[in-house]
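Novice: Dropping the structure in here first, questions after.
The values are calculated or read from the model by the stated rules, or taken from the named source; none is laboratory data. Source: prediction; values computed, not measured. Here the Cβ is made from the backbone with ideal geometry for all residues, glycine too, and neighbour counts use every protein chain on show.
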């Protein structure tokens, strides 16, 4: 593997890493931030009250709402090329994350999360970027970098927040402002600032090392010599001619059909509209799996199962670790199985763990402690299944399924649908968990079964098929 290719992968990985950091930066630190920002001043509990619950749900959803806006900008950013598009993403991220770090009130914090969310939503361009710097044979193996580094970012961010080392009110004693230490303030605010650090690292790589756009973009712009030079850096001089010819053939075949279209133009073409809507549906299926209920509310969920203990927070971290390990393993065998096969296998694994666990927990009742641990096992199994299918494969699938003439616009709409439903799921999750946690588990376990049906009948295979040709 050539060093330039490694740096190019790292560039995409850093955008994905910030995606992961941003989506869970307000999880285990939430109650400490509530105290620091004074949302429950005058209430019986300084870390938990109805206003804090409302504000927290809105803040959590803010990242996803910003993500929906950012995803619609993917097509616009693509006009500047993949590399410059990622540079814009990092600039937006720095602005939003700095605002969140310095926030002194709800409005400033929410605005920062919304702006950072725009960068997260626009980061979907990285899935396209990775598919374009890889050969057809290696797209699956390296395409997993995007979801994998999202997961790694989430894992390390939750681990960082565990540095608080405790759960407020765990011993039943009254909590006062004296219990909020300077270190607690540092931990939760640094959780907002870490994405800035990695954006700076990414910008340094772009300025000094990865100075070229993808071969796919360069060939689309008619810059054949530049494209060949980049391919040589990425994959070696000995492979440059063959890969260049392969890419040219793919692009010319797609250009023969039509030029690059806007979203509205693409939706007027029946064949393109069908593919775009199928991809949008897959993005919605991913969110209705309930993954962001788990990620955004891991601490709350495990506290509801296991009580107010540090172990409950650690279990949330272990769940994300299961997700990460599975995705790492997936990179070794993703090319041996079809994308559709893995999507189905992942949903099936999640359902096999979650559906029986939900039934047992509901039947056994709250008094049965053993049923709670079955529920924990079900959650872990769900994370493994998600990593195999909807988490590990979906973004790669979206990048592979759509043709070059409508990919930027179509990918943006599919990503927007994903983020909008993520916002809906996250915004309603706190309310659902408080209303009835068993109902919440059962609802999303049922959606998982419907997702299996959707993939079975509507999704086509993209493995070993040229980009954008699966539905041709």
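Novice: Right, residue 323: in a helix (DSSP H, G or I), modelled with pLDDT under 75, farther than 16 Å from residue 30 by Cβ and within 17 Å of the chain's Cα centre (by Cα) or not? Outline the logic, then answer.
Specialist: Details: in a helix (DSSP H, G or I): yes; modelled with pLDDT under 75: yes; farther than 16 Å from residue 30 by Cβ: yes; within 17 Å of the chain's Cα centre (by Cα): yes.
Spelling it out, residue 323 is indeed in a helix (DSSP H, G or I), modelled with pLDDT under 75, farther than 16 Å from residue 30 by Cβ and within 17 Å of the chain's Cα centre (by Cα).
Novice: Taking the range 35-58, which residues are closer than 26 Å to residue 151 by Cα and either within 15 Å of the chain's Cα centre (by Cα) or at pLDDT 90 or above (or both)?
Specialist: Residue satisfying the conditions is 55 alone.
Novice: Hey, does the range 182-189 have a residue that's under 20 Å from residue 26 (Cβ atoms), assigned to a loop (DSSP other than H, G, I, E, B) and touching a residue at least 24 places away in the same chain (Cβ under 8 Å)? Walk me through how you get there before you give the answer.
Specialist: First, pick out the residues of the range 182-189 that are under 20 Å from residue 26 (Cβ atoms): 182-189.
Then drop every residue that is not assigned to a loop (DSSP other than H, G, I, E, B), which leaves none.
Looking through the range 182-189, none of the residues is under 20 Å from residue 26 (Cβ atoms), assigned to a loop (DSSP other than H, G, I, E, B) and touching a residue at least 24 places away in the same chain (Cβ under 8 Å).
Novice: A follow-up question, please. Wholly within the range 230-309, which helices (runs of 4 or more DSSP H) include no fewer than the required count, namely at least 3 residues that are at pLDDT below 75? Steps first, answer last, please.
Specialist: Values: elements: 237-255, 263-267, 270-288, 291-296, 298-306.
By residue number, 237-255, 291-296, 298-306.
Novice: When you check residue 203 against the structure, is it farther than 29 Å from residue 331 by Cα and in a helix (DSSP H, G or I), yes or no? Outline the logic, then answer.
Specialist: On the way: farther than 29 Å from residue 331 by Cα: no; in a helix (DSSP H, G or I): yes.
So residue 203 does not fit the description; no.
Novice: Something else: Hey, among 449, 425, which residue is more than 25 Å from residue 66 (Cβ to Cβ) and out of contact with any strand residue (DSSP E or B) (no Cβ under 6 Å at 6 or more places or on another chain)? Working first, answer last.
Specialist: On the way: 425 fails: more than 25 Å from residue 66 (Cβ to Cβ).
One residue alone meets the criteria, 449.
Per-residue answers, yes or no, for (1) crowded, with 22+ Cβ neighbours inside 10 Å; (2) within 14 Å of the chain's Cα centre (by Cα):
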residue: 108; (1), (2): no, no
residue: 121; (1), (2): yes, yes
residue: 124; (1), (2): yes, yes
residue: 128; (1), (2): yes, no
residue: 136; (1), (2): no, no
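Novice: Given the condition more than 20 Å from residue 130 (Cα to Cα), buried (at least 20 other Cβ atoms within 10 Å of the Cβ), in contact (Cβ under 8 Å) with a residue 60 or more places away in the chain and touching a helix residue (DSSP H, G or I) at 6+ places or on another chain (Cβ under 6 Å), answer yes or no: does some residue in the range 221-235 qualify?
Specialist: No.
Novice: Name the residue, out of 312, 345, that is modelled with pLDDT under 70, part of a helix (DSSP H, G or I) and either out of contact with any strand residue (DSSP E or B) (no Cβ under 7 Å at 6 or more places or on another chain) or surrounded by fewer than 17 Cβ atoms within 10 Å (Cβ to Cβ) (or both). Even if it seems obvious, please write down each step before you answer.
Specialist: Values: 345 fails: modelled with pLDDT under 70.
Among 312, 345, only 312 is modelled with pLDDT under 70, part of a helix (DSSP H, G or I) and either out of contact with any strand residue (DSSP E or B) (no Cβ under 7 Å at 6 or more places or on another chain) or surrounded by fewer than 17 Cβ atoms within 10 Å (Cβ to Cβ) (or both).
Novice: Would you kindly identify the helices (runs of 4 or more DSSP H) lying entirely within the range 1-113 that contain at least 1 residues that are in contact with a strand residue (DSSP E or B) (Cβ under 8 Å, 6 or more places away or on another chain) and in contact (Cβ under 8 Å) with a residue 12 or more places away in the chain?
Specialist: none
Novice: So is residue 444 more than 16 Å from residue 280 (Cα to Cα), assigned to a helix (DSSP H, G or I) and modelled with pLDDT of 80 or more or not?
Specialist: On the way: more than 16 Å from residue 280 (Cα to Cα): yes; assigned to a helix (DSSP H, G or I): yes; modelled with pLDDT of 80 or more: yes.
In short, yes.
Novice: For the range 197-217, enumerate the residues that are crowded, with 20+ Cβ neighbours inside 10 Å and more than 24 Å from residue 235 (Cβ to Cβ).
Specialist: The one that is crowded, with 20+ Cβ neighbours inside 10 Å and more than 24 Å from residue 235 (Cβ to Cβ): 199.
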